[in-house]
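Here is the structure we will look at, set down as structure tokens.
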Amino acid sequence: MQIIAQVKLLMTPEQTQALKQTLEMANAACNHISEQAWEARTFRRYDLHRLVYHEVRQAFPLSAQMVVRQIAKVADAYKADRETKRMFREQGSIAYDGRILSWRTQEEQTVSIWTTGGRLRIPFACGAEQLERLAQRCGQADLVYRDGSFYLHQVCEVEEAAQYEAQGWIGVDLGITQLATTSDGESFSGREVEEHRKWYAHRRGILQSVGTRSAKRRLRQMAGRLARFQRDVNHRISKRLVGTAKCTSRGIGLEDLTGIRERTRVSRGQRARHSNWAFYQLRSFVIYKARLLGVPVQLIDPAYTSQTCPLCGYCHRSNRRCRDWFACAVCGFAVPADHAAAMNIAARAAVNPPMVSTEMSKGVSANCDIARGQGQAPPLAAG
Ligand SMILES: [Zn+2]
């Protein structure tokens, strides 16, 4: 599986200046190339190369390989759509391949990187895990300038562990107030993220009314920071979930979301979740980290997981008299609602080896009052 390792470059002010100049020069070249491509209606990389290469080499102080990369960048940008002329941000990211960037990850952590002022050797900061990944790097890296610092995003090939056979399952309920709750009862609050988001929404209101160019730039920076904060939180949660599963030799049960948009019975809570990109991000992080560590993942039909009692199986809306708590009307079992949902997901994963979904939903509906559209006489639990 390919994943991206991100490292921060630790630079002197002079190095920063040189790299910034390089970035700006490369993007200026992209705009120039885009202009030519647009004029000549020539968009394929090979044709574009023939059209502009020599001229760009004359006009810009860029190395041969740098020019090749910028031509590729422009050609890529026109791949999706040839009807809009492409412009490139002054400090947008640019790609480096092995000819203009080399890594030292063993005795010292440095990169040697081509700039308009010659090659620079720059130390970088990264954790042990990232370093291990970098040993398996492949393909190119993107040079990204953000909030005054430079980063390299390097594509790495990571080997997936062989999947083990699950000795039990952890059900995971993903949400917004609680970002994740497990059937073990562990939960990860979304409060911190929510506070950041509120603060951002407030600032956005102010900055939008200002409307100047610098206000817009500030806005973009803030949005980026918010997204990165959320991403970081999602990384931590997913790492913890998958780690717990691995340590206890269990698999992970997650809601199956296929066809969720078409489903007629979608609660307001679900609708809020499904318009939230962070929810999908956390889910995808759990799935890919599980793949890396060989943790089995099972997708479970989520129908009625929030209304069914995980102890006695009684399923009715009245089990949810209040929004955040589950309290069984029959056996009295009470836990936070997300915890009950996660327990149901775990239970369904346990009785439901690999083949999922359709069979399951039939089974659930048959036991469920709501599915039959009436609400009397709950079946009593045995035992
Ligand atoms: Zn019950």
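The values are calculated or read from the model by the stated rules, or taken from the named source; none is laboratory data. Quick caveat, the model's predicted, so the values are computed rather than measured. Every residue, glycine among them, receives a Cβ derived from its backbone with ideal geometry; neighbour counts consider all protein chains shown. Accessible surface is based on the protein model in full, side chains and every heavy atom, while ligands, DNA and RNA are left aside. Shrake-Rupley method; radii C 1.70, N 1.55, O 1.52, S 1.80 Å.
Quick notes
- Measuring between alpha carbons in the structure, the pairs from 20/239; 85/289; 85/198; 85/216; 20/216 lying more than 31 angstrom apart are 20/239; 85/289; 85/198.
- Ordering of 124-130, 304-310 by packing is 304-310, 124-130, highest average first (other Cβ atoms within 10 Å, averaged per residue).
- Take the chain with all the other protein chains still there, run a 1.4 Å probe, and you get 54 Å² of accessible area per residue.
- Only one residue of 306, 290, 166 has its Cα farthest out toward the positive end of the dipole of the chain, where Lys and Arg carry +1 and Asp and Glu -1 on Cβ, and that residue is 306.
- Computed over the range 1-140, relative contact order equals 33 percent, with contacts defined as Cα pairs under 8 Å that lie 6+ residues apart.
- Efficiency of FRET between residue 258 and residue 55 - r from beta-carbon atoms, R0 45 angstrom, step 0.05: 0.35
- Here the chain is treated with +1 on each Lys and Arg Cβ and -1 on each Asp and Glu Cβ, and its dipole about the Cα centre works out to around 1240 debye.
- Within the range 139-258: Cβ-based charge dipole about Cα centre, in debye rounded to nearest 20 (Lys, Arg +1; Asp, Glu -1): 1200
- For the pair residue 97 and residue 276, a Förster radius of 25 Å applied to the C-beta separation gives a FRET efficiency near 0.10, rounded to the nearest 0.05.
- Apportionment of accessible area to carbon and sulfur, the range 77-151, percent (1.4 Å): 44
- Normalised contact order of the chain, rounded percent, pairs of Cα under 8 Å and 6 or more residues apart: 16
- Selection from 10, 156, 53 lying farthest towards where the dipole of the chain points positive, charges on Cβ: 53
- Accessible area of residue 247 in the full protein assembly, 1.4 Å probe (Å², nearest 10): 120
- Considering only alpha-carbon pairs that sit under 8 angstrom and 6 or more positions apart, the relative contact order computed for the range 128-187 is 22 percent.
- In nm, spacing of pseudo-spin labels at residue 321 and residue 4 (7 Å Cα→C-beta vector): 5.0
- Helical content alone sets the calculated 222 nm signal of the chain at -15000 deg cm²/dmol, taking -39,500 (n - 2.57) per DSSP H segment of four or more residues and averaging over every residue.
- Remark: spin-label model distance residue 163-residue 239 equals 2.5 nm, labels positioned 7 Å along the Cα→Cβ axis.
- Approximate spin-label separation residue 292-residue 334, in nm, with each point projected 7 Å along Cα-to-Cβ: 4.1
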